[in-house]
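What follows draws every value from the coordinates through simple rules; no lab data is involved. What you are looking at is a predicted structure, and each value in this text was computed from that prediction instead of being measured. Neighbour counts are summed over all protein chains in view; Cβ atoms, including those assigned to glycine, are modelled from backbone coordinates with ideal geometry.
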Ligand SMILES: Cc1cc2nc3c(=O)[nH]c(=O)nc-3n(C[C@H](O)[C@H](O)[C@H](O)COP(=O)(O)O)c2cc1C
């Protein structure tokens with residue numbers, strides 16, 4: 001007769017991923033202003049692979065200089081300029097083209113909505129939350145959750161620019177500011193959704209997915225001539241409070257556009 005044995009299955013214990021996340025939180029010592037010459041780290045990086053056998057690919061076929069996609073790739077840069085105004089229509093252009101449902105596909109008996117970025121298991125477990133600033137009276141000074149299915153905003157909380165500036169080290173210490181940004185995006189992973197399917201692997205998957213989303217946002221912002229900044233240096237506990245996040249919801253990335 002087969003005897004059932006209870007084993008501890010840490011791979012499927014969501015508390016492990018939440019505990020691990022806490023150990024990766026932003027730390028005061030990380031602030032880039034603490035680096036005397038930040039770019040030096042880039043210049044002195046040595047890659048041992050460069051010293052080995054290599055083949056030059058410089059003769060590869062290139063896109064034409066005036067190719068519109070190439071132009072966007074070339075001009076995508078992180079910038080805090082935030083000089084361009086944004087109407088509600090332009091806000092919709094940015095959000096819908098970055099994150100909105102743009103296709104439906106049959107998976108077996110189900111018709112599944114798909115979006116402009118790759119998603120682990122097509123679960124879309126990372127949700128964009130958006131603080132809006134200087135766009136529209138009704139939308140400004142509020143945090144919204146973006147609904148990708150019908151391109152709408154769901155109210156989350158009231159806020160203000162000082163609170164939003166206090167959430168990242170770059171803005172808290174006034175190295176830069178969100179004051180002229182039009183939107184500040186928070187990428188919030190919903191572990192209740194993805195952990196059931198992937199266990200601990202879910203932690204990697206949400207980081208990767210947020211990266212795809214943020215890159216989309218930067219490319220779309222570039223297309224519409226907006227500056228954009230991806231941001232990893234934020235304070236988790238303060239973000240959790242501002243966004244009213246619950247256990248199982250984790251902000252993994254941020255970005256500002258304007
Ligand atoms: C994962 C990640 C986190 C980042 N976090 C910050 C940040 O907290 N503050 C900031 O000013 N820039 C941040 N950046 C932007 C980088 O500084 C910028 O991408 C880098 O200087 C290269 O410049 P480029 O984006 O114009 O190519 C981040 C970029 C990435 C990819």
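Here is a yes/no grid of residues against (1) more than 29 Å from the chain's Cα centre (by Cα); (2) away from the ligand (no atom under 16 Å from the Cβ); (3) assigned to a strand (DSSP E or B); (4) more than 29 Å from residue 153 (Cβ to Cβ):
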| position | (1), (2), (3), (4) |
| --- | --- |
| 57 | yes, yes, no, yes |
| 62 | yes, yes, no, yes |
| 81 | no, no, no, no |
| 85 | no, yes, no, no |
| 89 | no, yes, no, no |
| 94 | no, yes, no, no |
| 104 | no, yes, yes, no |
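Residue check: residue 167 meets all listed conditions (1) within 15 Å of residue 238 (Cα to Cα); (2) more than 16 Å from the ligand (Cβ to nearest atom); (3) surrounded by 13 or more Cβ atoms within 10 Å (Cβ to Cβ) but one, namely (2).
Screening 190, 225, 216 for residues that are within 15 Å of the ligand (Cβ to nearest atom), in contact (Cβ under 8 Å) with a residue 12 or more places away in the chain and surrounded by fewer than 21 Cβ atoms within 10 Å (Cβ to Cβ) leaves exactly one candidate, 216. Every test in (1) crowded, with 16+ Cβ neighbours inside 10 Å; (2) in contact (Cβ under 8 Å) with a residue 40 or more places away in the chain; (3) over 23 Å from residue 78 (Cα atoms) is passed by residue 149 save one, and that test is (1).
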